[in-house]
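Step one of this worksheet: look at the structure below.
None of the figures in this text is laboratory data; all of them are computed from the coordinates on show. Since the model is a prediction, treat every value here as computed from it, not as a measurement. Here Cβ is always computed from backbone atoms with ideal geometry, including for glycine, and neighbour counts include all displayed protein chains.
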Amino acid sequence: MATTLVLIQLVIVLAMIFIGARVGSIGLGIYGMVGVFILVFVFGLAPGNIPIDVMLIIVAVITASAALQAAGGLDYMVGVAAKFLRRHPSRITFYGPLVTWLFCILAGTAHTCYALLPIISEIATKARIRPERPLSVATISASLGITGSPVSAATAAILSQELLGAKGVGMKEILLVTIPASLIAILVASFVQNFIGKPLEEDPEYIRRRDSGLLEDPDSDAPDKPEKELNPRAKWAVLAFLLGVLLVVLFGSFPSLRPVVDGVRVSMNATIEMTMMSIAALILLVGKANVKKAVSGNVFSAGMTAMVSIFGVAWMGSTFFEGNKEVILGGVGDLFATSPVLFAIPLFLMSIMLFSQAATVKTLYPVGLALGIPPLVLLALFPAVNGYFFLPNYPTEVAAIGFDRTGTTRIGKYVVNHSFQLAGFITTFVSIGIGLILINFIH
C-alpha cells in the first residue's frame, strides 16, 4: 500500500514537471507549487525545505548581472570577445565555445551567450566553416559554464550547508574539479565536431539558400555590422563585476577571510548574497547605470524566472522525498551504494525535465547524500545536471538554430537527432570522467 501511494505521488510530481515545462517561463515554478499543494493537502505530507538561500543568491547575482547589462558592461565584454574571435576565424570551432564558456563562468548564467552566438555564426560563415560545428559546442559550453561558475545558482546550491557545503566541499574544491574537467571536455568536443557534417560548400541546405539569394556572398567585402555605441563607463562596470566574482572565489576558497559573529563563521551563502548585492551598487555607481533599465533587461527577467522555477520545483521535490524517504532509499539504496556513478543517470534525466541545473541539484542531491554517495563523487557528477540539451527546445538551442542563416544547425527528422546532441554527450561524459579522476587528488 505504501509503495502504491509513493508511485501515485511520483506520477503527480512528474506530471506537474511535464506540464510546467510545456507551459514554459514561470510555469515550472507555478505547477511545482501545485504539486506541493497536492502532496500536502491530499496526501498529508509535511512541506519540505524551501530553497531560500539558493533563491536569494539568484536574486543577488542576477541583480549584479542586470546592473552590468544596464551599464553596457555585457556589450563591452561582447565587443572584446568579438575582436578576439575575428582575429582567429580559422579556429572559431575551438575559440568560439571557449569564449562562450568563459563568459558564462563569469556571469553565472547561460543566457549571456545570446550576444555571442550570432558573432560565432557570422565568423564561421565568412571563413567557409560549417557554422553548426562551433555553434553546437558553444551552446553546450554555455550550460557547462554554469557548473564551473562561482556565482551561479547551481554552484550556490552545491555549496549550501544542506548539501555538499556541510561535507567539506567548498569553492576551492568545486573550481579545482569543474574548471579543468569542463575545459578538457570542450576541447575534445570541439575537436570531434570539426569532422561532423559536410563542408559548408557541399551542404544541400546551404547551397539551396545561397542559390535562392537568401544569403550574402561570404567573399563580399561588406563591412561587419557597426558595433553598438557603448557607455564610456562600461569598462569600469565590468571591472566592478569581476571584482565581485573574485571576492566570491576568495571568500569561498579561504573561509578564514569570512568574519566570525557570535562564535559562528558567516556562511558562504550569506557572503555571496552580501557581496553581489554590494557589487550591484558599485556597478550602478561607477557605470552610472539606469536602475529601471536593469530591471527591464533580459538578464533580470531570465533570473527571476529561474528563481520562481526553483521555488516551486525544488520545494515539491523536497516534499516528495522527505515524505517518502524510507521507501525510496529502500528501493534504490543498494544500486547506488555499489555503483555511485550511476547516480548521474537520474541527475541527467531530471535536468531534462526541470530545465535548470540549480533545481536539479536541490531536488536530487539530498537524495544522493541520503543514499550514501560520497560528496566528492557527487561533485564529479555535477556536469550531469546539464542534460536539458537532449531535447532541442531550450532557449539557447533555439537561438543558435535561428542565428545560423546557412541552415547547417538544425533539428533532425526524429527531433532528438539534432545538432547539439553529440557535443552534449561528449562534454557530459568527458567532464564527468575527468572529474572522477581529479577528485582522487583532493584530500
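Please label the shape of region 331-443 as rounded, prolate or oblate, based on the square roots a ≥ b ≥ c of the eigenvalues of the alpha-carbon gyration tensor (a/c under 1.5 means rounded; beyond that, a/b larger than b/c means prolate, else oblate). Walk me through the numbers on the way to the answer.
Values: a/c = 2.62, a/b = 2.03, b/c = 1.29.
Verdict is prolate for region 331-443.
Please name which of G263, I52, A64 has its Cα lying farthest along the dipole of region 2-441 towards the positive end, using unit charges on Cβ (Lys, Arg +1; Asp, Glu -1) and the Cα centre as origin.
Final value for the positive-end residue is A64.
Which value, in debye to the nearest 20, describes the size of the charge dipole of region 2-441 about its Cα centre when Lys and Arg Cβ atoms bear +1, Asp and Glu Cβ atoms bear -1, and nothing else is charged?
For region 2-441, the charge dipole is close to 560 debye.
When you count, for each residue, the other Cβ atoms within 10 Å and take the mean per peptide, how do 40-49, 293-302, 276-285, 108-117 rank with the highest first? Write down the numbers at each step before the final one.
Numbers: 40-49: 13.8, 293-302: 17.4, 276-285: 20.6, 108-117: 23.9.
The most tightly packed comes first, giving 108-117, 276-285, 293-302, 40-49.
Please arrange S431, S152, S253 by counting, for each residue, the other beta carbons lying within 10 Å of its beta carbon, fewest first.
S253, S152, S431
Hey, if you put +1 on the Cβ of every Lys and Arg and -1 on every Asp and Glu Cβ in the chain, which of L347, I426, A281 ends up farthest toward the positive end of that dipole?
Towards the positive end, the residue furthest out is A281.
Only helices at least 24 Å long along their own axis, judged from Cα atoms, and with Kyte-Doolittle mean hydropathy of -0.5 or greater: name those in the chain from DSSP H.
Details: long enough: 2-23 (32 Å, 2.29); 52-70 (27 Å, 2.14); 171-193 (32 Å, 1.79); 234-253 (29 Å, 2.21); 268-287 (27 Å, 1.63); 298-323 (37 Å, 1.00); 421-438 (25 Å, 1.89).
Those that clear 24 Å and a mean of -0.5 are 2-23, 52-70, 171-193, 234-253, 268-287, 298-323, 421-438.
Quote to one decimal, in nm, the extra length available between I52 and L349 on full extension: 0.36 nm per residue of separation minus the C-alpha distance between them.
Full-extension gain reported as 104.5 nm.
Between rounded, prolate and oblate, where does region 9-56 land on the alpha carbon gyration tensor, with a ≥ b ≥ c its root eigenvalues, rounded for a/c under 1.5, else prolate if a/b exceeds b/c?
Details: a/c = 2.43, a/b = 1.07, b/c = 2.27.
Oblate is the answer for region 9-56, as a/c is 1.5 or above yet b/c matches or exceeds a/b.
Report the Stokes-Einstein translational diffusion coefficient (µm² s⁻¹, integer) for the chain, Rh taken as the Kirkwood radius over Cα pairs, at 10 °C with viscosity 1.306 mPa s.
70 µm²/s
FRET efficiency for V11 and S301, Cβ-Cβ distance as r, R0 = 25 Å, nearest 0.05?
For R0 = 25 Å, the calculated efficiency reads 0.20.
Dipole size in debye (nearest 20) for region 282-389 around its Cα centre, Lys and Arg Cβ +1, Asp and Glu Cβ -1? Write out the running numbers ahead of the final one.
Numbers: 5 positive and 3 negative charges, 136 e Å.
Dipole of region 282-389, to the nearest 20 debye: 660 debye.
Between F321, F389, F336, where does the largest GNM mean-square fluctuation fall for the chain, given springs only between Cα atoms within less than 10 Å?
F336
Given an 8 Å cut-off on Cα distances and at least 6 residues of separation, report the relative contact order of the chain as a percent.
The normalised contact order for the chain reaches 28 percent.
Among the listed pairs K83/K172; K235/K292; K198/K413, which are separated by more than 22 Å between their Cα atoms? Walk me through the numbers on the way to the answer.
Numbers: K83/K172 32 Å; K235/K292 20 Å; K198/K413 18 Å.
Where the Cα-Cα span goes over 22 Å, the pairs concerned are K83/K172.
If you take the beta carbon distance between R87 and R22 as r and set R0 to 41 Å, what does 1/(1 + (r/R0)^6) give as a FRET efficiency, to the nearest 0.05? Numbers along the way, then the final one.
Values: r = 43 Å, r/R0 = 1.06.
Calculated transfer efficiency: 0.40.
Over what distance in Å are the Cα centres of region 275-342 and region 396-443 separated?
The two parts, judged by their Cα centres, are 22 Å apart.
Hey, fewest Cβ within 10 Å first, where do W315, W101, W236 land in order?
Fewest-to-most Cβ neighbours within 10 Å comes out as W236, W315, W101.
Give me the extension gain from E326 to A370: residue separation times 0.36 nm, minus the current Cα-Cα distance, reported in nm with one decimal.
Between E326 and A370, full extension yields an extra 14.8 nm.
Please compute the length gained on full extension between K172 and F254, using 0.36 nm multiplied by the number of residues separating them and subtracting their Cα-Cα distance.
Extra length available between K172 and F254 comes to 28.7 nm.
Apply 1/(1 + (r/R0)^6) to the Cβ-Cβ distance of L242 and I442, taking R0 = 25 Å, and write down the FRET efficiency to the nearest 0.05.
Efficiency, from the Cβ-Cβ distance: 0.40.
Of the candidates G323, G424, G148, which one comes out as most mobile in a Gaussian network treatment of the chain with C-alpha springs shorter than 10 Å?
Looking only at G323, G424, G148, the largest GNM fluctuation is found for G323.
Counting Lys and Arg as +1 and Asp and Glu as -1, what is the net charge of the other residues whose Cβ lies under 12 Å from the Cβ of N49?
Net local charge, N49 excluded: -2.
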